[in-house]
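Okay, so here's the structure we're looking at.
The values are calculated or read from the model by the stated rules, or taken from the named source; none is laboratory data. Being a predicted model, the structure only gives us computed values, none of them experimental. Cβ sites come from the backbone with ideal geometry, for glycine too, and all protein chains shown count toward neighbours. Surface accessibility is based on the protein's heavy atoms, side chains included, excluding ligands, DNA and RNA. Shrake-Rupley method; radii C 1.70, N 1.55, O 1.52, S 1.80 Å.
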Amino acid sequence: MRIGELAARAGTTTRTLRYYESRGLLPARRTGNGYRTYDESDLRLLRQIRTLQDFGFDLEETRPFVECLRAGHPEGDSCPASLAVYRRKLDELDALIGQLNGVRDTVARQLERAELARAELAAEAEVPGGPEPVCELGGDPW
């Protein structure tokens, strides 16, 4: 198949395919008249790259999977280098999850503090002569 058909079948652009070719991820086979030519194995490589990128792997992290597929491994992820990339990505994700949990805890504490402050203002407003609650953002009474 030619580059346009491969791009369409892979759900990408010819520009992307040329970029992958320049990075050595996609083979650069040409016919006698100079046209790029691809086969089903190239489509499989592209699908592997796209799936990994959808999962947050950067383009260079896909290289071991591509090389594993080229070496004849059916899924492209059973080679030692692919397994190492999986391990690094899991470590990275665990670190991000830890950071997000920290942010979540901070936001929960801020919410709790703000709700207590609002309740205190509302209680003061109930006292004769107390302040009327005002929304900090819009200035409207609650």
**Residues of the chain: accessible area per residue with a 1.4 Å probe, Å²** = 68
**Item:** Cβ charges +1 (Lys, Arg) and -1 (Asp, Glu), total dipole of the chain, debye
**Value:** 1540
**Selection from ALA84, GLN110, GLY34, by position along the positive dipole direction of the chain (Cβ)** = GLY34
**Asked** In whole percent, how big is the carbon plus sulfur part of the accessible area of the chain, probe 1.4 Å, protein atoms only?
**Response** 55
**Asked** With each label point set 7 Å from Cα along the Cα-Cβ vector, what nm distance links ALA123 and THR14?
**Response** 7.2
**Request:** Can you pull the one-decimal nm distance between simple spin-label points at ASP58 and ASP91, each 7 Å off the Cα toward Cβ?
**Result:** 1.6
**Item:** Vicinal HN-Hα couplings computed from phi for the range 61-77 (Karplus, 6.51 cos²θ - 1.76 cosθ + 1.60; Hz; Gly/Pro x)
**Value:** 5, 7, 3, x, 5, 4, 5, 5, 4, 4, 7, x, 7, x, 9, x, 10
**Request:** Once you have a ≥ b ≥ c as the square roots of the Cα gyration tensor eigenvalues for the chain, tell me rounded if a/c is under 1.5, and otherwise prolate or oblate according to whether a/b is larger than b/c.
**Result:** prolate
**Prompt:** Over the chain, what is the mean sequence separation of C-alpha contacts under 8 Å (at least six apart), divided by residue count, expressed as relative contact order in percent?
**Reply:** 11
**Prompt:** Each residue of the range 5-14 in order: what ³J(HN,Hα) in whole Hz does its phi give by Karplus 6.51 cos²θ - 1.76 cosθ + 1.60, θ = phi - 60°, with x for Gly and Pro?
**Reply:** 5, 4, 4, 5, 5, 8, x, 9, 10, 5
**Message:** List the GluC sites (Glu not before Pro) within the range 1-84 that DSSP assigns to loop and that have no more than 16 neighbouring Cβ atoms inside 10 Å.
**Reply:** GLU75
